[in-house]
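Since the structure comes first, as structure tokens, the remarks are kept for the end.
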Amino acid sequence: ILKWATKNGKIELHFPSANLVLRKGAPAVDWTRFTMGAAFAEYYSGAISDNVKRRIEQKLHYGEWPGKAPIGYMNVDKIVDGRVTKDVVPDPQRADGVRKMFALRVQGLSYRVIARELRADGLTGNTAKKRPIHQSVVEMALKNPFYYGVMLYSGQKHQHRYEPLVSKETFDEAQRISQSRNGG
């Protein structure tokens, strides 16, 4: 669309860093420079994307979480062999709240009641605004296998290397309770 609008005199395209102006009647050499620049930019963008995807796959292979830690955990920087690396550790302010969340679910309590209990305990989310826990956060957390040692990323499961907050048995029992309450 831009190329058509430029060639038909509707607009001009200015690229100051390349000392290039495209307008109606611009010479072929300018259009070639523009096309080559666009092709190299597309290649560069694709290469960066490929590198990020490879790095995420590598992190998952080594049991490392590639994003923001779920509630109950926190991302921290560690120094290993003189360089800074990223790690995920239990959050001293929220880990016990997550353990309590699972314990209450195993007792058969609803997401709403669990959220109310945790709010009364002062549990907040792990976002910058530190909002009180709501039912949807409880439901998401209780369905997240990260808490017993498995990362779910793009629909695939990967073992992680971080400290689990609950046992697999506790997690499975919470899932069983959820299925029975939902008629599943």
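The values are calculated or read from the model by the stated rules, or taken from the named source; none is laboratory data. If you're wondering where the values come from, they're calculated on a predicted model, not measured in any experiment. SASA here: full protein model, heavy atoms, side chains in, ligands and nucleic acids out. Shrake-Rupley method; radii C 1.70, N 1.55, O 1.52, S 1.80 Å.
Here are the numbers:
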quantity: Percentage relative contact order, the chain, counting C-alpha pairs under 8 Å, at least six apart; calculated: 15 percent
quantity: Distant alpha-carbon pairs in the stretch 123-178 (separation over 19 angstrom), percent; calculated: 38 percent
quantity: Residue-averaged 222 nm ellipticity for the chain, from DSSP H runs of 4+ at -39500 (n - 2.57), nearest 500; calculated: -14500 deg cm²/dmol
quantity: Mean accessible surface per residue for the chain, computed with a 1.4 Å probe while every protein chain stays in place, in Å²; calculated: 65 Å²
quantity: Calculated SAXS-style log₁₀ I(q)/I(0) at q = 0.26 Å⁻¹ - the stretch 1-72, Debye, Cα scatterers; calculated: -1.15
quantity: The stretch 76-167: equivalent-ellipsoid semi-axes (sqrt of 5 x gyration tensor eigenvalues, Cα, Å); calculated: 26, 17, 12
quantity: Along each principal axis, Cα extent of the stretch 98-141, largest first, Å; calculated: 31, 19, 16
quantity: Pairs beyond 18 Å (Cα-Cα), from 59/86; 100/168; 53/78; calculated: 53/78
quantity: Whole-number percent relative contact order across the stretch 14-114, with pairs defined as alpha carbons under 8 Å at least 6 apart; calculated: 13 percent
quantity: Lysines whose Cα lies under 16 Å from that of residue 24, excluding same-chain neighbours fewer than 8 positions away; calculated: 3, 7, 10
quantity: Accessible-area composition of the stretch 1-131, carbon plus sulfur, in percent [1.4 Å probe]; calculated: 57 percent
quantity: Isotropically averaged projected area of the stretch 1-147, using the convex hull of Cα atoms (one quarter of hull area), nm²; calculated: 15.3 nm²
